[in-house]
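The values are calculated or read from the model by the stated rules, or taken from the named source; none is laboratory data. Keep in mind the model is a prediction, meaning the values are calculated, not measured. Glycine gets a Cβ as well: all are built from the backbone with ideal geometry, and neighbour counts include every protein chain shown.
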Amino acid sequence: MEDSSKLIVPAIIISLLVVFIAFFNPISIVGVGERGVKVTLGKVSPTSYTEGVHLVMPFISHIKNMNVKTQKNYIETSVYTKDIQQAKITYVLNYNLQPENAHRMYREVGTNYVDTVLTPVVEGTIKDVIGKWNAQDLVANREKATTEILQKLQAHLSPKYINVTDFQMTAISYSDVFEKAIESKVTAEQDALKAKNKTVQIQEEAKQKLISAEAEAKSMSIRAHALTQNKALVEYEAVQKWDGKLPEYMMGNSIPFINIAKK
């Protein structure tokens, strides 16, 4: 009997312990990619609890887990450009709750910080930056606008316990009427550039012809002047052009006028 009583007591203790744990649940687990916020009688702990198992006082304390993993959101929003054109911006936002400040976020904002803090700042920043650009210029400078938005988001949200790791505008779309107007304008500019290049080409060709004509005229003027001043040169030119045949005349035979100097 004594041996049986010795076994019964530990079994009772273990059973009571299991019931206590199951009913009162004094153990709280913080999972991977989370931070725990301990709340004791309504008061938030001054630190965030890391991953692992933590003990709490039943009915007095509990731990609220906060996700601190990097999260990616795909969002579409409507904004207006500087020239009052409505644009639909599709963007991707990467962010995470700062692990070391999870308890502060919980104390000041709560768990719904995305709707309360993140979204209003993101929407406001996008509208502020896009509003500085004309619609057509925004398309050509999307990367520049994207960089400015990212930098402003990081500056505004970091003090609010949110890290923004990336921001990308994946698409910018306007109304069909405006899209066609931009396309027509681009086509007109391209046609104007082609016409300008053609005009420059024609002007250059005309310039070259003028230079060539002036050079030819100058050459002819020099030759003409030389011929009038030197009769021997005239005869020399005639000899250079003579094909060796004597000309025939109706009034009789004749020979070219060549003044052969006597030796």
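Could you run through the stretch 74-93 and say how many residues are in contact (Cβ under 8 Å) with a residue 12 or more places away in the chain and loosely packed, with under 15 Cβ neighbours inside 10 Å? Result for the stretch 74-93: 10. Among the residues of the stretch 101-130, those that are under 28 Å from Val79 (Cβ atoms) and assigned to a loop (DSSP other than H, G, I, E, B) comprise Val109, Asn112. Condition (residue is surrounded by 10 or more Cβ atoms within 10 Å (Cβ to Cβ), part of a helix (DSSP H, G or I) and modelled with pLDDT of 70 or more) applied to the stretch 223-242: is it met by at least one residue? Checking the stretch 223-242: not a single residue is surrounded by 10 or more Cβ atoms within 10 Å (Cβ to Cβ), part of a helix (DSSP H, G or I) and modelled with pLDDT of 70 or more. Candidates in the stretch 79-99 are the residues that are in contact with a helix residue (DSSP H, G or I) (Cβ under 7 Å, 6 or more places away or on another chain) and of a type outside the set (A, V, I, L, M); of these, the one that is nearest to Ser158 (Cα to Cα) is Tyr95. Answer with yes or no whether Lys127 is under 19 Å from the mean Cα position of the chain (by Cα) and of a type in the set (Lys, Arg). The answer is yes for Lys127.
Only residues that are touching a His at 6+ places or on another chain (Cβ under 8 Å) and either over 21 Å from Ala171 (Cβ atoms) or of a type outside the set (S, T, N, Q) (or both) were counted across the stretch 101-156, and they come to 1. Every condition in (1) within 30 Å of Gln85 (Cβ to Cβ); (2) surrounded by fewer than 21 Cβ atoms within 10 Å (Cβ to Cβ); (3) at pLDDT 95 or above; (4) not aromatic (Phe, Trp, Tyr) is met by Asp137 except one, and the failing one is (3).
Does the stretch 131-144 contain any residue that is aliphatic (A, V, I, L, M) and in contact with a Leu (Cβ under 9 Å, 6 or more places away or on another chain)? No - not one qualifying residue is present in the stretch 131-144.
If the condition is being in contact with a Ser or Thr (Cβ under 8 Å, 6 or more places away or on another chain) and either in the same structural domain as Leu118 (by TED's automatic domain parsing) or touching a residue at least 40 places away in the same chain (Cβ under 8 Å) (or both), then the stretch 45-73 contributes Lys64, Met66, Thr70.
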